[in-house]
1. Would you check if there is a residue in region 40-54 being in contact (Cβ under 8 Å) with a residue 40 or more places away in the chain, of a type in the set (A, V, I, L, M, F, W, C) and either touching a helix residue (DSSP H, G or I) at 6+ places or on another chain (Cβ under 6 Å) or surrounded by fewer than 19 Cβ atoms within 10 Å (Cβ to Cβ) (or both)?
2. Which residue is farthest from the ligand (Cβ to nearest atom), if the candidates are limited to region 63-100 and must be under 13 Å from the mean Cα position of the chain (by Cα) and in contact (Cβ under 8 Å) with a residue 40 or more places away in the chain?
3. Is it the case that some residue within region 127-137 is within 16 Å of the ligand (Cβ to nearest atom), in a helix (DSSP H, G or I) and within 25 Å of H8 (Cβ to Cβ)?
4. Do we have any residue at all in region 197-210 that's of a type in the set (A, V, I, L, M, F, W, C), surrounded by 21 or more Cβ atoms within 10 Å (Cβ to Cβ), more than 15 Å from the ligand (Cβ to nearest atom) and in contact (Cβ under 8 Å) with a residue 40 or more places away in the chain?
5. Quick one: is V35 hydrophobic (A, V, I, L, M, F, W, C), more than 26 Å from N254 (Cβ to Cβ), within 16 Å of the ligand (Cβ to nearest atom) and buried (at least 20 other Cβ atoms within 10 Å of the Cβ)?
6. Consider region 124-164. How many of its residues are in contact with a Gly (Cβ under 9 Å, 6 or more places away or on another chain) and over 25 Å from D102 (Cβ atoms)?
7. With the requirement that a residue be in a helix (DSSP H, G or I), within 16 Å of the ligand (Cβ to nearest atom) and within 18 Å of E164 (Cβ to Cβ), what does region 107-126 give you?
8. Would you call L199 in contact with a Leu (Cβ under 7 Å, 6 or more places away or on another chain) and closer than 13 Å to I3 by Cα?
Amino acid sequence: MIIDTHAHLFFDDIKKDITEVVERAIEQGIVKIIVPALDLKTSEEILKLSEEHDIIYAAIGLHPSDVKDADLKDIKTIEELSAHEKVVAIGEIGLDYYWNKDNMTEQKSFFREQLELAKDKTLPVIIHTRNSIKDALQIISDAYDNRLKGQFHCFSGDENDMKEVIKLNDFYVSFCGNITFKNFKHKELIKNIPVEKLLSETDSPFLTPEPFRGKRNEPSRIVYTIKKMAEIKNMNYDELLKTLYENAERLFFNSNT
Ligand SMILES: [Zn+2]
C-alpha cells in the first residue's frame, strides 16, 4: 500500500482526466492521495475533489508564493474549512525566496499564523521551502511544541538542515521524482536519513521521475521514485514501501482519530 502525500490534482490538465488518474493510482497500490492547496480557491476545489473520490484527502492553506494576493483574514476561512472531515493537514505553507524575494516579511507572518492554526487544530503541516530552509527551521523551532508536526516536502536542505529536522519529533521529509535524474546531487543525504523520517510523494503534475521526465506527472508514477529511493538506501523495496506507508499513516491519519 502506498500513500502519495503530495499531488496537486486540481490543475486543469490533470483534473480533466481525474477518473483515469485515480484508477491508474489504485492499480499501482495507492490507497490515499493528499492534495495540498495553494490558496483559498484551490482549498475549496480540493474539498470538492475529496468528496467525489474516496482516495483523495485535503491539505488546505496558503502557499508562500500566493500570500501576496491573500489577506491574513483568509486564515480564518481556512480555519472554518478545516472542520471538513477529509482535511488531514494545513498546507502547503512555508517560505519561497526563489520566486518571491520582495515580501519575505509577509511570507513569514502567513507561515507563523498558519503554524499556530495547525497547532490549535492539532493538524500536521506540509511545508514548502525554496532557498529558505534556514528561516523556515528557525520559525518552526520558535513555534515548536508537542502539538506541532509535519512534513518538509521536496526537501532541499543540506546535511545540517537534515540534522535539525531529525531533532524535531514527528517531522518528516520527502523527495520528488528529481531523485531519479542523472544530475541529482543529494544521494548521500537520502542514504543517511533514517527511514522512519521519510514519506513518499510525487508533487504531481511536476517533477516527473525517469523514464517519463518531461511528461505530466501523476500519482501512479510514484513507484519509480520509491524504487530509486530503495536503490539509494540499499533497502528491500517492499520493506521500504511498508515503512513509508506506516509513516504517512502515523503523521496524517491518526491525528484526528
Ligand atoms: Zn506542492
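Read the figures in this text as sums done on the coordinates, not as results from a lab. Given the structure is predicted, the values throughout are model-derived calculations rather than measurements. Cβ: placed from backbone, ideal geometry, glycine included. Neighbour counts: every protein chain shown.
1. Filtering region 40-54 down to residues in contact (Cβ under 8 Å) with a residue 40 or more places away in the chain leaves 47, 49.
If we keep only those that are of a type in the set (A, V, I, L, M, F, W, C) too, we end up with 47, 49.
Now narrow it down to the ones that are either touching a helix residue (DSSP H, G or I) at 6+ places or on another chain (Cβ under 6 Å) or surrounded by fewer than 19 Cβ atoms within 10 Å (Cβ to Cβ) (or both): none.
There is no residue in region 40-54 that is in contact (Cβ under 8 Å) with a residue 40 or more places away in the chain, of a type in the set (A, V, I, L, M, F, W, C) and either touching a helix residue (DSSP H, G or I) at 6+ places or on another chain (Cβ under 6 Å) or surrounded by fewer than 19 Cβ atoms within 10 Å (Cβ to Cβ) (or both).
2. Taking region 63-100 first, the residues under 13 Å from the mean Cα position of the chain (by Cα) are 63, 88-94.
Restricting the remaining residues to those that are in contact (Cβ under 8 Å) with a residue 40 or more places away in the chain gives 63, 88-89, 91-92, 94.
Working: H63: 7, V88: 15, A89: 12, G91: 8, E92: 5, G94: 10 Å.
Checked region 63-100; the qualifying residue farthest from the ligand (Cβ to nearest atom) is V88.
3. Yes, region 127-137 contains a residue that is within 16 Å of the ligand (Cβ to nearest atom), in a helix (DSSP H, G or I) and within 25 Å of H8 (Cβ to Cβ).
4. Checked against the condition, which is being of a type in the set (A, V, I, L, M, F, W, C), surrounded by 21 or more Cβ atoms within 10 Å (Cβ to Cβ), more than 15 Å from the ligand (Cβ to nearest atom) and in contact (Cβ under 8 Å) with a residue 40 or more places away in the chain, region 197-210 yields at least one hit.
5. Working: hydrophobic (A, V, I, L, M, F, W, C): yes; more than 26 Å from N254 (Cβ to Cβ): no; within 16 Å of the ligand (Cβ to nearest atom): yes; buried (at least 20 other Cβ atoms within 10 Å of the Cβ): yes.
The answer is no for V35.
6. Adding up the residues that qualify gives 4.
7. Matches in region 107-126: F111 only.
8. Values: in contact with a Leu (Cβ under 7 Å, 6 or more places away or on another chain): yes; closer than 13 Å to I3 by Cα: yes.
It is true that L199 is in contact with a Leu (Cβ under 7 Å, 6 or more places away or on another chain) and closer than 13 Å to I3 by Cα.
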